[in-house]
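The next block holds one structure in the form of C-alpha cells; read it before the comments.
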Amino acid sequence: MSSERLTLVVGDEELLIDRAIADVLAAARARESEAEVYELTPATLTRGGLAELTSPSLFGGGRVVVLRSAQDFGKDLITEIGKYAADPADDIDLVVVHAGGAKGKALLDAFTKAGARKVTCQKITRPGERVAFVRAEVRRAGGTIGEDAARGLLDAVGTDLRELASACSQLVADTGGRIGDDAVARYHRGRAEVSGFNVADRAVEGRLGDALEQLRWALSTGVAPVLITSALAQGVRSLAKVGGAPRGLRGAGLAKELGMPPWKVDRVRQQLRGWTPEGVAEALQVVAETDAQVKGAGADPAYALEKAIGQIVAARGSR
C-alpha cells in the first residue's frame, strides 16, 4: 500500500486550506473524472464511518475523503484514522485538516510516520508575510510584481487573502503580467479612494457626513456592500485591539504584538480619541448585526450600511 494518497494539511488559513484540498481533488479527477469528494467533521464522522467510506466499491471510481477540524476528533476516532493511515487504500485520497498544536497530536504523529504529504497553511499575520503572499500570488498567476507595488496593493485592497488573491489575478490579466506602482495606482488606488476602508475611517473618526458621502460614492461605483461591511468590521476591531493592548508597549514592540504595521497602529491610536471601551463594544455589536443584514437577513444592504454608520458614530460619542 502507498502513502501517496495521504495528505496532512496543518494550519488555520482557510484560503490556503481550501486550495490544498482543491489540489488533491484536481489530481484525483485527473486520474478518474468521476471521483467523488466526501467532507466530514467531528460532528458528522462516527465510529466505523471511515472504514465505510474507504471500503472497495462495486462500481469503482475514485474518492477523496476530507476530514476537517481533525484536532477535535475523539480518541477512538483518532486511533481509527491513524490505523487506516498505516495501511491506506491505493485508490482513495484521504486529506486530514488539523489546526496544529498539541490537541489531537497523535493524529499528526500517525500521518507523519505513515509518510503523508504535508501542506502547511498557517495564518498570514505579519506585514512582510503578506507582501510575500502578494508576490507569490502574482507569480502563481504568471506575472511579476515588485515589493513596493505589492505594499501599495495591500494598502489599496486590505489584508483579506481572498480579496488579495482575486486582485492579483485580475492585475495580471489586465496588465499582461508586469505589475508596477503605476499599474496598482491605475487599477486600485483610484477605487481605494471610494472603498470601504475610507468609509470605515470616517465612521470611526465620528465624521458622519463624510462617511455617508463616501458610502454612497462607493456603492455607486460598484463596491460590493459586503466589502464595506468587512472594512467597517476591521476598523472597529482595530480600535479594540489597539485599545486593549498592554500599556507598557510602544512603537515597534506594540506593532509586533498587534500584528499591525507601525503606521497603522499610529493611525488607530489617533482614531481612538473619543472612544470608550463600552462604545467600542457597542460598535462591534453593530457591525456583527450589519454583516448579517448585508448577507441576506435584511432587504436593503445600502440602508443597513447607512444605519450602521450612524450607530457607529453615535457609539463613539457615548459615555
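None of the figures in this text is laboratory data; all of them are computed from the coordinates on show. Not measured: the values here are computed from a predicted model. Because the Cβ atoms are built from the backbone with ideal geometry, glycine has one as well, and the counts that use them run over all protein chains shown.
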Per-residue ³J(HN,Hα) for segment 48-56, Karplus 6.51 cos²θ - 1.76 cosθ + 1.60, θ = phi - 60°, Hz, x for Gly and Pro: x, x, 5, 4, 5, 5, 9, 6, x
The chain, relative contact order in percent, only Cα pairs under 8 angstrom and at least six apart counted: 15
Shape call, segment 127-192: gyration tensor on alpha carbons, a/c limit 1.5: rounded
Under 5 Å, built H, 5+ apart or other chain: amide partners of Arg178: Thr144
Calculated FRET value between Lys103 and Glu213, using beta carbons and R₀ = 35 Å, to 0.05: 0.10
Under the Karplus curve 6.51 cos²θ - 1.76 cosθ + 1.60, θ = phi - 60°, whole-Hz ³J(HN,Hα) for segment 163-171, x wherever Gly or Pro sits: 5, 5, 4, 5, 5, 5, 4, 5, 4
Length released on extending from Ala173 to Arg47, taking residue separation times 0.36 nm less the Cα-Cα span: 40.6 nm
Set of segment 86-105 residues, backbone N closer than 18 Å to the point 7 Å along the Cα-Cβ line of Asp23: 93-100
Cα gyration tensor shape for segment 158-248, rounded if a/c is under 1.5, else prolate or oblate: oblate
Whole-Hz ³J(HN,Hα) from phi, Karplus 6.51 cos²θ - 1.76 cosθ + 1.60, for segment 77-93, glycine and proline x: 5, 4, 4, 5, 5, x, 5, 5, 4, 6, 8, x, 6, 7, 10, 10, 9
For Gly11, distant residues with modelled amide H under 5 Å away: His98, Ala99, Gly100, Cys121
In the chain, lysine pairs closer than 12 Å at Cα, eight or more apart or cross-chain: 5
Euclidean distance of C-alpha centroids, segment 204-253 and segment 50-100, integer Å: 43
Gyration tensor verdict on segment 6-121 (Cα atoms; rounded if a/c is under 1.5, prolate if a/b is larger than b/c, oblate otherwise): oblate
Amide hydrogen neighbours beyond the local backbone of Val66, cut-off 5 Å, H modeled: Tyr38, Glu39, Leu40, Val95
